[in-house]
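Let me begin by presenting the structure, written as structure tokens, before commenting on it.
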Amino acid sequence: MDVIPAAGAEQYPALDFANSALALPGGQYLDLLGSPDAATRWLAEHDLAPADSGLRETCAAQLRALREQIRMLLAARVDGLPVPAGALEAVNDAMTRTPTASLLRWDPARGLHRESPHPVTRIVEHALAVLAADAADLVTGADAERLAACGSPPCNRYLLRTHARRHWCSTRCGDRARAARAYARRKGD
């Protein structure tokens, strides 16, 4: 299935990360991090890991766990509720697991340059830190007021509203919601 990113996912990888577990019509569910291969593919597509990194199930499970905590963070922000302590703790923990300072490096090909250290053995920790920091930026930054949940059941994705009347994460969800309203009107006549 081809998944179209929700509005804002191109700006905020954490939004796309939160939306990597999709509730579909007919009670179906799609988890883009559901296996180590799928998690590796998702991270590679978002430039957070090499395509050949060969993640293990424990790595994929760490990603899925942080995704759920970020989803709680987004839900609390959208609903105007207090953020669960566990979500805050998980996001803060992920942000502090890897060094964030860009260190000064030298090599003959590139010369003097700055580079964030994240050895291959810490690929997942680096990805978790990047996604957690991006989620923190999203819920505290200028775009936080535009964060919304898709208004087309059973969809469970989040989006950045590009228009005051936009309530759907994709054209597909908007069409489904309009069709449901039209059906309800006809049924009510």
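The values are calculated or read from the model by the stated rules, or taken from the named source; none is laboratory data. The shown structure was predicted, so the numbers you read here are calculated from the model rather than taken from an experiment. Backbone-built Cβ (ideal geometry, glycine too); neighbour counts: all protein chains shown. Heads up: the accessible areas ignore ligands, DNA and RNA and are worked out on the full protein's heavy atoms, side chains in. Shrake-Rupley method; radii C 1.70, N 1.55, O 1.52, S 1.80 Å.
How far is helix 36-45 tilted, in degrees, relative to the longest principal axis of the Cα atoms in the chain, given as a value from 0 to 90 rounded to the nearest 10?
So the helix axis and the longest Cα principal axis differ by about 80 degrees.
When the Karplus curve 6.51 cos²θ - 1.76 cosθ + 1.60 is applied with θ = phi - 60°, which whole-Hz ³J(HN,Hα) does each residue of segment 25-32 get, with x for Gly and Pro?
x, x, x, 8, 9, 10, 10, 6
Round to a whole number: what % of the accessible area of segment 125-189 belongs to carbon and sulfur, probe 1.4 Å? Can you show the working numbers first?
Working: 1930 of 3610 Å².
Reported share for carbon and sulfur atoms: 54 percent.
Among residues other than ASP37 whose Cβ falls under 13 Å from its Cβ, what is the net charge (Lys/Arg +1, Asp/Glu -1)?
Numbers: positive: ARG41, ARG56; negative: ASP31, GLU45, ASP52, GLU57.
Net local charge, ASP37 excluded: -2.
Return one whole number: the accessible area per residue of segment 31-98 in Å², for a 1.4 Å probe. Walk me through the intermediate numbers first.
Working: 3560 Å² over 68 residues.
Each residue of segment 31-98 exposes 52 Å² on average to a 1.4 Å probe.
Once you put a point 7 Å from the Cα of ARG146 and another 7 Å from the Cα of GLU68, both along the Cβ direction, what distance in nm separates them?
Each label point is offset 7 Å from its Cα along the Cβ direction, giving 3.1 nm.
Amide H of ARG161: which non-local residues (sequence gap of 5 or more, or other chain) have their own amide H closer than 5 Å, using H built in the peptide plane?
Long-range HN contacts for ARG161: LEU147, ALA148.
Which angle from 0 to 90°, rounded to the nearest 10, does the C-alpha axis of helix 85-96 make with the longest principal axis of the chain?
Computed tilt is about 40 degrees.
First compute the accessible area of segment 1-121 with a 1.4 Å probe, then give the percent of it belonging to carbon and sulfur atoms. The partial results should precede the final answer.
Details: 3900 of 6980 Å².
C and S fraction of accessible area: 56 percent.
Please list, in order along segment 49-61, the HN-Hα scalar couplings obtained from phi with the Karplus expression 6.51 cos²θ - 1.76 cosθ + 1.60 (θ = phi - 60°), rounded to whole Hz, x for Gly and Pro.
6, x, 4, 9, 6, x, 4, 9, 4, 4, 5, 4, 5
For MET95, MET72, give the ranking by accessible area with the largest first, probe 1.4 Å. Please report the intermediate quantities before stating the final value.
Values: MET95 50, MET72 80 Å².
Solvent-accessible surface, decreasing: MET72, MET95.
Divide by every residue of the chain the summed helix terms, -39500 (n - 2.57) for each DSSP H run of at least 4, and state the resulting mean residue ellipticity at 222 nm, rounded to the nearest 500 deg cm²/dmol. Write out the running numbers ahead of the final one.
Numbers: 6 runs with 87 residues, N = 189.
Theoretical 222 nm ellipticity from helices: -15000 deg cm²/dmol.
If you bin every alpha carbon distance in segment 54-106 into 5 Å steps from zero, what whole percent lands in each bin?
All Cα pairs, binned at 5 Å, distribute as 4, 17, 20, 19, 15, 12, 8, 4, 2, 0 percent.
From the residues GLY34, ALA7, HIS163, which one has its Cα farthest along the dipole of the chain in the positive direction, the dipole being from +1 and -1 charges on Cβ of Lys/Arg and Asp/Glu about the Cα centre?
Of the listed residues, the answer is HIS163.
For the chain, what's the relative contact order in percent, using C-alpha pairs closer than 8 Å and at least 6 residues apart? Walk me through the numbers before you get to the answer.
Working: 251 pairs, mean separation 45.4, N = 189.
Across the chain, relative contact order equals 24 percent.
Based on a Kirkwood Rh over C-alpha pairs, give the Stokes-Einstein translational diffusion coefficient of the chain at 4 °C and viscosity 1.567 mPa s in µm²/s. Mind showing how you got there, number by number?
Working: Rh = 18.0 Å.
In µm²/s, the coefficient is 72.
Amide H of ASN156 versus every other amide H placed in the peptide plane: which residues, excluding those fewer than 5 positions away on the same chain, fall under 5 Å?
Counting only residues 5 or more places away or on other chains, the set is ALA23.
By average Cβ neighbour count within 10 Å, what is the ranking of 135-141, 32-38 from highest down? Let's see the in-between values first.
Working: 135-141: 18.3, 32-38: 16.7.
Those peptides, ordered most packed to least, come out 135-141, 32-38.
By residue number, which cysteines of the chain lack any other Cys whose Cβ falls under 4.7 Å from their Cβ?
So, CYS59, CYS173.
To the nearest 10 degrees, how steep is helix 123-140 against the longest Cα principal axis of the chain, on a 0 to 90 scale?
Value to nearest ten degrees: 50.
Under a point-charge model restricted to the Cβ atoms of Lys and Arg (+1) and Asp and Glu (-1), what is the dipole moment magnitude of the chain relative to its Cα centre, in debye to the nearest 20?
Details: 23 positive and 22 negative charges, 186 e Å.
The calculation lands at about 900 debye.
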